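I have placed the structure first, in the form of C-alpha cells, so that the comments after it can refer back to it.
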Amino acid sequence: LRFPWVATARVSRQWPDAVRVEIEEKQAVARWGADGLVSRQGEVFRPRAARGTDMLPVLQAPRAQAGYVLQQYQAMDALLRRVGLRIHRLELTDRMSWVLTLDGSVRVLVDAQDTLAKLERFTLLYDRQLSNEVANIASIDLRYRNGVAIGWRRAG
C-alpha cells in the first residue's frame, strides 16, 4: 500500500462547491517482527517510518497468524499483568509453541495445549515463590503437564 497508516478514507461532495475528506489512521498496538506493526484489528502493516513504537511489544509468527497472535497476546498479557509481569516479545514457533520474553529477559516456553491454563498456574507459582527470584531466572518451561522447569542464570 502507498499509505500504510491509513485504515479508511472517505471522500464526499458537499454542495455546492466543496469536497470533504475523512481519513482514519491505523492504531499500532504491537510491532511485527523487525519492520512491521500490528493494528487493533490484527492487520500487519509496514510504514516507512514509525516513531514512538519502541515501547510496543514485539509479536512474531507467520503473517497469516497475526490476528490470532494478537488475540493470544492480549489474553496472556492480561493474565501476567495481574502479577506485575509484562510481555516484551511473543513468538509463535513453527511447532505452534509460544516463546514469551518477559521483564528481565526471562524466557517462558509454553505449548499450544492449555496455554492459558498453564500460564494461570505459572502466575500462582510466580506470585507465591518466584517473584523475589526473577533476577536469577533465565527461563521457565511450562510445556509439562504437571510441573515446570526453571533455568537459572549463572552467577558471575
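The values are calculated or read from the model by the stated rules, or taken from the named source; none is laboratory data. Values in this document were obtained by computation on a predicted structure and should not be read as measured data. Cβ coordinates were reconstructed from backbone atoms using ideal geometry, including for glycine residues, and neighbour counts include every protein chain displayed. Protein only, heavy atoms only, side chains kept; ligands, DNA and RNA dropped before computing areas. Shrake-Rupley method; radii C 1.70, N 1.55, O 1.52, S 1.80 Å.
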Per residue of segment 139-153, what does 6.51 cos²θ - 1.76 cosθ + 1.60 with θ = phi - 60° give for ³J(HN,Hα)? Whole Hz please, x for Gly and Pro, Karplus curve as stated. 8, 9, 10, 9, 7, 8, 5, 10, x, 9, 10, 10, x, 8, 6
Projected convex hull area of the chain, Cα atoms, direction-averaged, in nm², equals 12.4
Rounded to a whole %, the carbon-and-sulfur portion of the accessible area of the chain at a 1.4 Å probe is 47
To the nearest Å², the heavy-atom accessible area per residue of segment 57-152 with 1.4 Å probe amounts to 55
Could you compute the net charge surrounding ARG89? Neighbours are other residues with a C-beta less than 11 Å from the C-beta of ARG89; K and R count +1, D and E count -1. +2
For the pair SER97/SER12, report the inter-label distance in nm, with labels modelled 7 Å from Cα in the Cβ direction. 5.4
Work out how much length GLU22 to SER139 would gain on full extension: take 0.36 nm times their residue separation and subtract the Cα-Cα distance, in nm to one decimal. 37.3 nm
For segment 57-152, give the share of DSSP beta bridges that are antiparallel, in percent and rounded to the nearest 5; count only bridges with both residues there. 70
Only helical DSSP H runs with n ≥ 4 go in: add -39500 (n - 2.57) per run for the chain, normalise by residue count and round the 222 nm mean residue ellipticity to 500 deg cm²/dmol. -5500 deg cm²/dmol
Relative contact order of segment 53-147, pairs being alpha-carbon contacts under 8 Å that are 6 or more residues apart, as %: 23
